[in-house]
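Below: the structure, in structure tokens.
Just so it is clear, none of the values below were taken in a lab; they were calculated from the coordinates. Worth saying up front: this structure is predicted, and the values here are computed from it rather than measured. Virtual Cβ from ideal backbone geometry, glycine too; neighbours counted across all protein chains shown.
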Amino acid sequence: MLSVEGVSVRFAGISALSSVSLAVAAGERLGVVGPNGAGKTTLLNVVTGLVRPAAGAIRLDGQTLTGLPPDAVARAGVARTFQSARLFSRMTVGENVRAGRPLDAEPWLRLVGLLARRGDLAAALTPGEARRLELARALAGRPRALLLDEPCGGLSAAETEDIAALLERAIAPGIITVVVEHKLRVISRLCERVAVLHLGEKIFDGPAGALRADRRVLEAYLGKARAS
Amino acid sequence: MVDFLQALVDGVMLGATYSLLGLGFTLIFGVLRRLNLAFGPTILVGIYAGSHVGLAWPGALWAVVAATVVAAILCGIYVERCSFRALARQAPVVSMISTFAVWMQLQELVSLFEASRTMPYPSPAWLPALTVGPILLRSDALLMWSGATAIMLALFVLLYRTRFGTAVRAVADSSEAATLMGVNVSVIGAAAFLLASTVGGLAGVLIAQSQQQVTPYFGLWATVKGLTAMLLGGAGSLPGAVAGGVILGVVETQTLWHFGGQWRDLASFALLFLVVALSPRARSEPTL
Amino acid sequence: MSDYAVSLLVRIGVEAFVALSAYLLLVIGRISFGQQAFFVIGGYAAGIATALYGAPLAVGIMVGAVAAGVAGALLSAVMAPAGGIYFAAGSLAFGELVRVALLSFHYQVPVGADLTGPAGADGFRGIRALFTGGMSVTTYMLAVSGLLAVTSVVIVLLLSSRWGEAMRMVGEDETASASLGVRVRRVAALTMAGAGALAGLGGGLFVHYVTYIEPGHSDVMLGVHSLAYAFIGGLGTPLGPIIGVALDIGLLESFRFLAGYRMIVFGGLVMGLLVVRPRGLLDEVAVHRLSRLVAWGRR
């Protein structure tokens with residue numbers, strides 16, 4: 001269980017997150033959506049330790065993660081991907097998956113369909129392949145919690161379909177998964193539950209199906225006049 | 001108490017020249033987001049040029065000043081073309097690497113052009129010294145300080161009261177936004193370089209006339225002082241560079257007063273260390 | 001082999017160690033303008049060990065390397081978190097700090113009839129362990145070259161190990177590395193210690209060859225040159241900086257008329273190369289292609 005309890009983050013006087021609380025159980029997949037600037041990436045950053053919260057706590061299976069540096073959070077079993085795939089372009093595909101860890105890259109490369117590219121430099125990959133590599137790298141560490149930041153961002157419809165299908169089959173059961181995404185179709189395919197952030201606040205937390213009917217969500221995306 | 005005040009006044013006056021050096025670094029770093037490590041050496045070339053002119057035409061102080069500033073500007077143009085414009089599409093750190101190659105070149109250039117290593121630099125003979133109460137203001141320090149302050153005032157008028165200056169500050173703030181507002185970023189970049197070279201050359205004039213000599217070590221010396229002033233004030237902030245220079249000057253003269261000459265340089269290095277070790281921005285700086 | 005050729009090879013060897021020292025830090029993405037400080041610390045420590053305390057030559061040189069390594073570790077306590085221009089500025093300041101501090105470093109001990117030891121600005125003379133030990137200069141040159149070869153192999157092995165992977169990850173993207181569990185601070189600290197030891201090794205080898213050392217040897221141009229060697233030769237392999245050294249010193253020797261213009265020419269070469277190959281001749285892409293060729297050739 002990954003729990004975010006009353007977390008607030010402030011940047012230069014602006015409240016990026018205001019007392020946000022979430023809980024994701026093992027094996028559960030939570031989608032996080034919201035208009036731009038809602039605080040979705042900040043949420044991931046604060047869970048992974050890149051940003052310190054002004055208030056609140058983050059816990060993973062009872063272990064407190066708040067205040068830990070990012071490398072300690074990673075070693076505690078939290079893996080993440082980034083909005084634009086942050087690969088090590090000067091290292092090979094195989095080396096990227098291993099990322100300095102004592103593991104065999106092969107099964108993970110096979111899982112994402114990049115085994116043939118094992119010896120290539122990561123710089124040579126297409127954007128779609130880069131996303132798959134980043135996913136393999138995150139999964140290879142056998143994390144307890146997987147945080148995905150817009151895994152389908154910037155991809156064509158066909159590539160999005162591929163990634164979504166890959167995510168469906170590649171994420172092992174039992175892993176806590178949080179998916180931040182703009183593309184609602186991907187969210188509804190992957191996640192049973194969705195949380196909506198708007199201007200740093202959580203305005204909805206419930207089944208994915210109930211999303212489109214919620215008044216606050218409609219107001220956030222469309223503006224008050226159009227929502228009514 | 002009087003001694004403390006004297007050291008304080010000396011420190012502020014010395015600090016004004018450090019502020020100029022810091023401003024030179026900041027103008028380029030703030031606008032172009034790249035560190036120009038050849039800045040100190042370009043001033044070095046300038047003051048050696050001025051020294052040569054001073055020996056060839058004794059008494060022609062304006063020629064010396066002109067030679068110093070023009071030489072510094074010419075070197076600045078060279079650096080801008082070869083290390084910045086030619087590498088504009090590479091990562092910012094590549095420009096910094098190129099500038100230290102220019103540093104190598106300029107250092108050798110200086111050693112090729114004079115017979116002896118330390119050369120004299122003329123200074124005006126007719127300056128008065130001032131006494132304000134118990135505090136003595138030496139004539140050369142007074143010239144350094146008033147010259148530096150005048151240049152800084154002119155610079156701030158330029159940057160905060162003219163359209164050109166606003167464009168420069170806009171690019172320093174966000175080059176993307178500035179482009180959207182119709183600002184030609186590369187022209188502003190070149191102009192910022194010109195400005196920095198001029199400020200640097202004038203700083204060189206003021207420092208050299210105060211020390212009355214120039215040595216090849218000046219390139220490194222100016223680099224350390226300028227970088228300390230810039231980083232003390234928060235890299236990229238112009239008022240910060242001014243404050244940083246003054247703080248550095250005060251720390252140096254207080255150290256000189258209380259602990260002696262040997263410790264003065266160590267104090268300035270220690271100050272730079274402190275900034276590097278403690279500044280939160282040091283952690284977020286991107287690496288290669 | 002002529003005396004001149006021998007001295008040339010020793011010079012290349014010594015400078016190569018300092019270049020490798022700068023290279024190691026470049027692998028983790030840090031540009032250091034201060035490796036000359038470790039060179040000098042190693043030289044002074046090695047000289048003190050052999051000239052003041054009668055240590056054998058090899059032991060003295062090791063002492064130099066260890067002392068410089070410790071200095072690197074201590075410095076990392078202050079500098080490890082810094083990157084980019086802050087690290088560059090701080091390392092520059094450290095190089096000068098060491099030079100200025102050594103100007104006041106007096107430590108003289110009676111050895112035989114005279115006082116020997118660091119004498120502040122006058123430096124430290126009379127480090128004769130190489131010449132009183134009976135080793136020929138040619139043998140010394142071979143030892144230096146052998147040491148350099150072994151060091152290069154060790155670095156190659158290091159960089160392809162898991163530890164090396166972590167170093168290269170830090171060098172490219174610290175945030176991503178941290179999010180994968182890499183202890184970035186520790187990697188930086190260990191690399192700084194190792195880099196310091198390498199430069200100190202060069203210093204110890206140097207000091208016994210020329211029999212003296214002075215504060216002025218902590219010269220920023222040595223640090224700048226070490227970086228330039230890595231950027232010309234290439235950042236993809238430790239062979240890169242060594243090639244850079246050979247190129248520079250070889251340049252001076254092949255074209256005598258360039259004697260007074262060497263830094264201008266070499267600097268110009270670096271500037272020109274940066275436009276097309278910002279990571280040097282043997283950059284990671286080139287090394288990758290070469291290794292692919294070798295693998296293909298073996299089939």
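In region B:202-258, the convex hull through the Cα atoms has an average projected area of 4.4 nm², a quarter of its surface area. In loop segments of region B:30-118 as defined by DSSP, the chymotrypsin sites (Phe, Trp or Tyr not before Pro) with at most 14 further C-beta atoms inside 10 Å of their C-beta are B:Phe113. Couplings 3J(HN,Hα) for region C:39-52, derived from phi with the Karplus relation 6.51 cos²θ - 1.76 cosθ + 1.60 (θ = phi - 60°), are 4, 6, 4, x, x, 4, 5, 5, x, 5, 4, 7, 7, 9 Hz, where x marks Gly and Pro. Here the dipole of the protein assembly as shown is about 1980 debye; that uses its Cα centre as origin and unit charges on the Cβ of Lys and Arg (positive) and Asp and Glu (negative).
Annotation: amide H of C:Thr116 within the under-5 Å range of C:Val109, C:Val111, sequence separation 5 or more or interchain, hydrogens built in the peptide plane.
Normalised by 2.2 N^0.38 Å, where N is the number of residues, the alpha-carbon radius of gyration of the protein assembly as shown equals 1.05. For the options B:Leu202, B:Leu220, B:Leu278, a Gaussian network treatment of chain B with springs between C-alpha atoms closer than 10 Å singles out B:Leu278 as fluctuating the most.
Placing +1 on each Lys and Arg Cβ and -1 on each Asp and Glu Cβ, with no other charges, gives region A:2-227 a dipole about its Cα centre of roughly 180 debye. In terms of the mean number of neighbouring beta-carbon atoms within 10 Å, the peptides B:65-76, C:183-194, B:163-174 order highest first as B:65-76, C:183-194, B:163-174.
Cβ-Cβ distance of B:Ile77 and A:Ala124, R₀ of 35 Å, FRET efficiency by 1/(1 + (r/R0)^6): the value works out to about 0.35.
Translational diffusion of region B:1-151, estimated by Stokes-Einstein from the Kirkwood radius over alpha carbon pairs at 37 °C in a medium of 0.692 mPa s, is 188 µm² per second. When each of B:Asp140, B:Asp3 is scored by the number of other beta-carbon atoms lying within 10 Å, the sequence from fewest to most is B:Asp3, B:Asp140. Counted over all Cα-Cα pairs of region A:2-227, pairs farther apart than 23 Å make up 47 percent. P(r) tail, region A:1-80: Cα-Cα pairs separated by more than 19 Å, 31% of all pairs. May I ask which residue of A:Ala130, A:Ala140, A:Gly223 lies farthest towards the positive end of the charge dipole of region A:96-228, with charges of +1 (Lys, Arg) and -1 (Asp, Glu) on Cβ and the Cα centre as origin? About the Cα centre, the residue reaching furthest to the positive side is A:Gly223. Label positions at C:Ala101 and A:Leu222, each projected 7 Å from the Cα along the C-beta direction, are separated by 6.9 nm. Loop-located chymotrypsin sites (Phe, Trp or Tyr not before Pro) across region C:84-139 with a Cβ neighbour count of 10 or fewer within 10 Å are lacking, with loop assigned by DSSP. Rounded to the nearest whole Hz, the Karplus-based 3J(HN,Hα) values (6.51 cos²θ - 1.76 cosθ + 1.60, θ = phi - 60°) of region B:141-146 follow the sequence 5, 4, 5, 4, 5, 5, with x at glycine and proline.
Shielding value for C:220-227 is 3, the average number of Cβ atoms from other chains within 10 Å of each residue's Cβ. Number of Lys pairs in the protein assembly as shown with C-alpha atoms less than 25 angstrom apart, excluding same-chain neighbours closer than eight positions? Number of lysine pairs found: 6.
For region A:177-191, the residues whose backbone nitrogen is under 16 Å from a point 7 Å from the Cα of A:Asn36, taken along Cα to Cβ, are A:181-183.
Think of region C:110-245 as having a plus end and a minus end, set by charges on the Cβ of Lys, Arg, Asp and Glu; of C:Ile155, C:Leu180, C:Ala143, C:Leu180 sits farthest toward the positive end of this dipole.
The modelled label-to-label distance for the pair A:Ala172/C:Val70, using points 7 Å beyond Cα in the direction of Cβ, is 4.6 nm. Neighbour counting of Cβ atoms within 10 Å sorts the residues A:Val194, C:Val18, fewest neighbours leading, into A:Val194, C:Val18.
Between B:Met181 and C:Met1, the FRET efficiency estimated from the beta carbon spacing at R0 = 56 angstrom works out to 0.25. Magnitude of the charge dipole for region B:2-276, about its Cα centre and with charges confined to Cβ atoms of Lys, Arg (+1) and Asp, Glu (-1), is about 580 debye.
Using θ = phi - 60° in the Karplus curve 6.51 cos²θ - 1.76 cosθ + 1.60, the 3J(HN,Hα) couplings for region A:141-155 round to x, 6, x, 7, 10, 10, 10, 10, 9, 6, x, 10, x, x, 9 Hz; x is entered for Gly and Pro.
A simple spin-label model places pseudo-atoms 7 Å from Cα toward Cβ; at A:Asp205 and B:Leu158 they are separated by 5.7 nm. Comparing C:Leu258, C:Leu25, C:Leu281 in a Gaussian network model of chain C (Cα springs below 10 Å), the most mobile by mean-square fluctuation is C:Leu258. Averaging 1/r over every pair of different alpha carbons in region C:3-218 and inverting the result gives a Kirkwood radius of 17.6 Å.
Dividing the Cα radius of gyration of region C:196-238 by 2.2 N^0.38 Å, with N the residue count, gives 1.33. In region A:2-227, a dipole from Cβ-located charges (positive for Lys and Arg, negative for Asp and Glu) runs towards its positive end, and of A:Ala195, A:Gly119, A:Ala105 it is A:Ala195 whose Cα lies farthest in that direction. Residues whose amide H lies under 5 Å from that of A:Phe204, counting only those 5 or more places away or on a different chain, are A:Val196; hydrogens are built 1.01 Å from N in the peptide plane. For A:Leu30, the residues 5 or more places off, or on other chains, whose built amide H falls under 5 Å of its own are A:Thr177, A:Val178, A:Val179.
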